[in-house]
1. First measure r as the distance between the Cβ atoms of residue 33 and residue 389, then evaluate 1/(1 + (r/R0)^6) with R0 = 25 Å and state the FRET efficiency to the nearest 0.05.
2. Tell me which of 737, 718, 791 sits at the most positive position along the dipole axis of the stretch 691-798, charges placed on C-beta atoms (Lys, Arg +1; Asp, Glu -1).
3. About the Cα centre, and with charges only on the beta carbon of Lys, Arg (+1) and Asp, Glu (-1), how big is the dipole of the chain? Nearest 20 debye, please.
4. Taking 0.36 nm per intervening residue step and subtracting the Cα-Cα distance, what contour gain separates residue 474 from residue 730 on full extension?
5. How much length, in nm to one decimal, is gained on full extension between residue 867 and residue 852, taken as 0.36 nm per residue of separation minus their Cα-Cα distance?
6. Could you tell me the center-to-center distance, by alpha carbons, between the stretch 609-663 and the stretch 498-562 in angstrom?
7. How much length is gained if the chain between residue 167 and residue 419 is pulled fully straight, taking 0.36 nm per residue apart and subtracting their Cα-Cα distance, in nm to one decimal?
8. How big is the dipole moment of the stretch 642-783 about its Cα centre under a simple scheme where the beta carbon of each Lys and Arg is +1, that of each Asp and Glu is -1, and everything else is neutral? Debye, nearest 20, please.
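The values are calculated or read from the model by the stated rules, or taken from the named source; none is laboratory data. Since we're looking at a predicted model, the values are computed, not measured. Every residue, glycine as well, gets a Cβ built from its backbone with ideal geometry; the counts of neighbours run over all protein chains shown. Accessible surface is based on the protein model in full, side chains and every heavy atom, while ligands, DNA and RNA are left aside. Shrake-Rupley method; radii C 1.70, N 1.55, O 1.52, S 1.80 Å.
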Amino acid sequence: MDIPSKYNPTEAEEKWYSFWMEQGLFRSVPDDREPYCIVIPPPNVTGVLHMGHMLNNTIQDVLVRRARMQGKNALWLPGTDHASIATEAKVVAKLKEEGIKKSDIGREEFMKHAWEWKEKHGGIILEQLKKLGASCDWDRTRFTMEDALYDSVIKVFVDLYNKGLIYRGVRMVNWDPKALTALSDEEVIYKEVQSKLYYVRYKVDGAEDEWVTIATTRPETILGDTAVCINPVDERFKDLRGKRVLVPLVNRSVPIIEDDYVDMEFGTGCLKITPAHDINDYEIGIRHNLESIDIFNDNGTLSEKAELYIGVDRFEARDKVVKDLEAYSNLVKIEDYVNKVGYSQRTDEVIEPKLSMQWFMKMKEMAKPALDAVMNDTVKFHPAKFKNTYQHWMENVRDWCISRQLWWGQRIPAWYLPNGEHVVAETEEAALELARKKFDLPDLKIEDMKQDEDVLDTWFSSWLWPISVFDGIRYSDNDDIKYYYPTNDLITAPDILFFWVARMIMAGLEYRNDIPFKNVYLTGMVRDKLGRKMSKSLGNSPDPIELIEKYGADGVRVGMLLTSPAGNDLPFDEVLCEQGRNFSNKIWNALRLVKGWEVDDEIEQPSYAVISVKWFESQMNASIEVINDQYDKYRISDALMAVYKLVWDDFCSWYLEMIKPAYKKPIDRKTFETTIGLFENLMKLVHPFIPFISEEIWHHLNVRGEKESIMVADLPQPKSYNASLLERFAKEEEVVVAIRKLRADKNIPNKQAIDLFIRKNNDEKPDRTFDSVIMKLCNVCEISYVKEKVPNAASFIVRSTEFYVPLGESLDIEVEVAKLEEELKYTKGFLASVGKKLSNERFVNNAPEAVVEKERKKKSDAESRIKVIEEQLAALKS
């Protein structure tokens, strides 16, 4: 036997991944087969593998490998996202270490540094995915800044601009003072924080001693106030109508205005209005034609327009303002206050609402068909509960701020002219030609135009991903896009449902008149075993590569999937990976056991092996039916558990024990070859989950050709099975367990043969189907069916059948009585609980008929069992 005593995952993983790559088994090109396609959610080019990636990509690989084994032309297309904000921050930091400022070297030189950084660091995460076993077509790897995808983004921008869906204007935006760029609403995370509510009094202009008190969480913005607002129906402030107040510290005279936006219950009922630094104040300012004073520089320090604290950081300025308000007797009081504050998803910086000239995309028009596609299940969400979240967002969608004040990204294709106008075109040459025609400027030269400095939001390239990876924007009729689009499944996280999923559906409907994918599987968040989000600061996020080195890729894959139902958070514990590794070891030991048997061609197949094979074939076919159903419902974790149970419990713990020959005895040829065939089918079923060890074992089970791989072997299909046989074996399992327990309780050695007497009740007839199996597994000499109770015998009951093992004079009557009385007490308690359920009219009327019938069967069985126990007790006590 040339099978090592221990499985070496590192060795197997390197061997088989190289083999798969060399054989081109991940490669996919259009052909006559049914396509199956997943496009990877492109990880940031700055990223390294974390636990969320592990979960997401394991699920993708499971689905792709299964599709491949179903005979489909499976493509898993990989790639990375250029991640504007994160990458630019990394490059700026690198330059800073070298004593170089971004502003000193200019855009062209900076882009050279960015591309160098990308080439050096950009492929790390994809290489790490290979360690996990990801079966991506690496020849098709795409990057959102490569020429084809870059050009696609520009083409779409120009098209949407010409359709009137993209516009430029001054709007209130979410400004990130750290990244120095605007963000979309979806890139802002709101956190509940412990704040302060400051009550500040404003002197009524022209009055001797009349004051108005307002409440604010941001006293530093007082310097930009241009009004104080009251609710028109608030009678408390009727005397203030038409008056003006003086803004503290700067003594600016501003009007008291009336607007029903004001919540009379909040604070004092008077609201300070700062149109430049609050979205609601901005809208009030528009309605009342108020002046807007922007008191912040882009980096969050106070500007000259603030008049005071110029150049001071906004939070430091807050402390100074409060101190000065107190000194000038304008501060009335301070209260503790809990409120929600917006933070940048990328930099975790507190967002500053800011008026800014930006590019926007109108969303309402495109949102409607994208909402319909999900609500009518053209695109199915798994789990479906996320449809409600999606609907709420899509029905309340706002215009998308798509410009970013960065250099790394797709530069906005807009050129500004000396006359103050601008044109939008795909190239500089096209812009020049358009400008000359549109504005009658025949002498205009390229050097007279200036291209917009901003780039597009990273999501503006990502939303095209299922189309642009096949070059379907530039060439809408190419072979790839026609064959692979729409893709089948998207595996992603709920937190980018709107950033990405919704927008991809919009883009697909706009540019292909078709959905981009048929199913969206939404994973939960990977948390630690205490339920906390994994993070570097908490030190609770294990390194996935270290886990793979410790437990093997297959062990980690199983560990990630054991407790990860769709849409629910995964409480990760390293012990799950250990369980995954143990699963691999269990299968490996089963291989060693089977391949270690001597085969004798002359032996007839024994009766216990005949029925054991029939049982396991039925069990496997029943399990395949369940597994396929779980896959169809995108219950990947449940599909794994069904496979796991079939292999560990049914095959290793039962079937192999049922058919294995006696110590140092040979096995018959028919049983051996059947077992090898069953083992092969099991390896095919587990392959999507544990690809490395399944490939290794598959090659050990039979002689294979040089290029053969389990990866492209046909997945076993469910055949008809004998449900009655499975039900009968379930009873016999209980019998075997009970006999083994009796041996342990009575100190009867396993090597000592015993006799077994069986007494059927309720007019049941003897069923000898598995008698030979019971005799083998329990070392029983003879099984006899009797009509009377057997004296001087230890007994047990399975369902309503009595079993007796003669012990002669050594039977302890008191012990037997105590055991039966305990069993009677338990069974009566069980009967009471079932009876309570069946007496509940609501349960009986509303539960499925099969469920109710199952409870009735439990009741009937318990009643029969009680009767048998009571009879046994009576006999023992007589």
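1. Values: r = 36 Å, r/R0 = 1.45.
Approximately 0.10, to the nearest 0.05.
2. In the stretch 691-798, that residue is 791.
3. That gives a dipole near 2120 debye.
4. On the way: separation 256, 0.36 × 256 = 92.16 nm, distance 6.09 nm.
Result: 86.1 nm gained on full extension.
5. 3.1 nm
6. 29
7. Numbers: separation 252, 0.36 × 252 = 90.72 nm, distance 1.88 nm.
Here the segment from residue 167 to residue 419 would lengthen by 88.8 nm.
8. 480
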